[in-house]
Structures are given as structure tokens and as C-alpha cells.
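I have placed the structure first, in the form of C-alpha cells, so that the comments after it can refer back to it.
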Amino acid sequence: MAISNAVCNSFKQELLVGTHNFTASSGNTFKLALYTSSATLGASTTAFTTSQEASGTNYTSGGNALTSVTPALASSTAVCDFADLTFGTATLSGVRGALIYNSSASNKAVCSLDFGADKSSTAGNFTVVFPSPTATGAIIRLA
């Protein structure tokens, strides 16, 4: 089992038929769910699943909603950004990665994130920090 950093293949096709709307004020609701190292997440992931999802104090299955920043252009690259997400006073262990998914569209997968190692928190903040929305660093970018 493995988690990789990947934009989901199904998401790429769904963009072209208008399934996902990232507009901050009127778009879809996107969530981030946490997973253990036993999960398999990557380009072939098509939807949120509870299989191998992390569990712990102050973490609810399905994760938390992300605050979207309306997509913009960075030079000629379209970029999408989210505000950093904190699971407050959470006790979690063995968290290896995450899945961003569209809860407004049948929980369709957007991208998977590999944290590089297992992460944990004990009655503290578990925060997922998103990169700057630049042409080379944005979490989601189309060049």
C-alpha cells in the first residue's frame, strides 16, 4: 500500500465537463481527509473512501472542509490554493497522507498528498500547510 503526491486522473477528465468549481464564494465544498500509511492513494483514486482513514480525538471521518481561494493565473499557469487546515486539539498518530475531494460532487477525488513520513499530534493542533499559489508551487496547477 502506498500514498503518492498526485492529481487524480478522474479529476483531470471531470474538469473538462465542469464537475468541479473552485470559486471561493459560490463554488463547491472541498474537504481534506487524513489517511494512515496502510492506505492506497494516488493518480488512480476516484473518490473519498473511509478505508484506512485516520481516526482519533477531534478528527471526524471525512475530514474537514477547506477554505478555497478563487483560482487565478500566475503568469500563464492557472493555480488553485486553499487556506492551511488545522484539526484543533487533535490526538492522531500514524497519519501518512491526505485526500482532497469534492464533497459537493459525490465525493469525487481531486488529489492525494503524501506527507513523506508518519505524522502525529497529542491533544494539539494537527495542521496541513499548503504551498504558495505560484506557477511552480501551487497544490493544483494547470500549465
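Using the Karplus curve 6.51 cos²θ - 1.76 cosθ + 1.60 with θ = phi - 60°, work out ³J(HN,Hα) for each residue of region 68-84 in order, rounded to whole Hz, and write x for Gly and Pro.
7, 10, 3, x, 9, 9, 10, 6, 10, 10, 6, 10, 10, 9, 10, 5, 3
Quick one: putting +1 on the C-beta of Lys and Arg, -1 on the C-beta of Asp and Glu, what dipole do you get for the chain around its Cα centre, in Debye to the nearest 20? Walk me through the intermediate numbers first.
Values: 6 positive and 6 negative charges, 25 e Å.
In debye, rounded to 20, the chain gives about 120.
For ASN107 and THR91 in one chain, what is 0.36 nm times their gap in residues minus the Cα-Cα distance, to one decimal in nm?
Values: separation 16, 0.36 × 16 = 5.76 nm, distance 2.52 nm.
Residue separation times 0.36 nm, minus the Cα-Cα distance, leaves 3.2 nm.
Using only the Cα atoms of the chain, build the gyration tensor, take square roots of its eigenvalues as a ≥ b ≥ c, and label the shape rounded, prolate or oblate: rounded if a/c is under 1.5, else prolate if a/b is larger than b/c, else oblate. All intermediate terms of the calculation are to be shown ahead of the outcome.
Details: a/c = 1.67, a/b = 1.49, b/c = 1.13.
Prolate, since a/c reaches 1.5 and a/b exceeds b/c.
Whole number in Å², please: accessible area per residue of the chain, 1.4 Å probe, ligands, DNA and RNA not counted. Intermediate values should be presented prior to the final figure.
Working: 6910 Å² over 143 residues.
For the chain, the per-residue accessible area is 48 Å².
Of the accessible area of the chain, with the probe set at 1.4 angstrom, what percent is carbon plus sulfur?
Working: 3370 of 6910 Å².
Carbon and sulfur together cover 49 percent of it.
Which whole-Hz ³J(HN,Hα) couplings does region 90-105 yield from phi under the Karplus relation 6.51 cos²θ - 1.76 cosθ + 1.60, θ = phi - 60°, glycine and proline marked x?
Rounded to whole hertz, the list is 8, 10, 9, 9, x, 7, 9, x, 8, 10, 8, 9, 9, 6, 7, 10.
Rounded to the nearest 0.05, what FRET efficiency do ASN64 and LEU15 give with R0 = 25 Å and r taken as the Cβ-Cβ distance? Could you check?
Details: r = 23 Å, r/R0 = 0.94.
My answer for the efficiency is 0.60.
Using only DSSP helix segments of four residues or longer, with each worth -39500 (n - 2.57), what per-residue ellipticity at 222 nm results for the chain after dividing by its residue count and rounding to 500? Mind showing how you got there, number by number?
On the way: 1 runs with 8 residues, N = 143.
-1500 deg cm²/dmol, from helical runs alone.
Work out how much length SER55 to ALA24 would gain on full extension: take 0.36 nm times their residue separation and subtract the Cα-Cα distance, in nm to one decimal. Don't skip to the answer; put the middle values down first.
On the way: separation 31, 0.36 × 31 = 11.16 nm, distance 2.85 nm.
Fully extending the segment from SER55 to ALA24 adds 8.3 nm.
Amide H neighbours of SER37 under 5 Å, counting only residues 5+ apart in sequence or on other chains, H built in-plane at 1.01 Å?
ARG96
Under the 0.36 nm per residue contour assumption, what length would be gained going from the current alpha-carbon distance of ALA123 and ALA143 to full extension? It would help to have the intermediate numbers written out before the result.
Values: separation 20, 0.36 × 20 = 7.20 nm, distance 4.04 nm.
Length difference between fully extended and current span is 3.2 nm.
Among THR89, TYR59, PHE30, whose Cα lies farthest out toward the positive end of the dipole of the chain, if unit charges sit on the beta carbon of Lys, Arg (+1) and Asp, Glu (-1)?
Result: PHE30, furthest along the dipole toward the positive end.
The values are calculated or read from the model by the stated rules, or taken from the named source; none is laboratory data. All values reported here derive from a predicted model rather than from experimental measurement. Backbone-built Cβ (ideal geometry, glycine too); neighbour counts: all protein chains shown. With ligands, DNA and RNA removed, areas are computed over all heavy atoms of the protein, side chains included. Shrake-Rupley method; radii C 1.70, N 1.55, O 1.52, S 1.80 Å.
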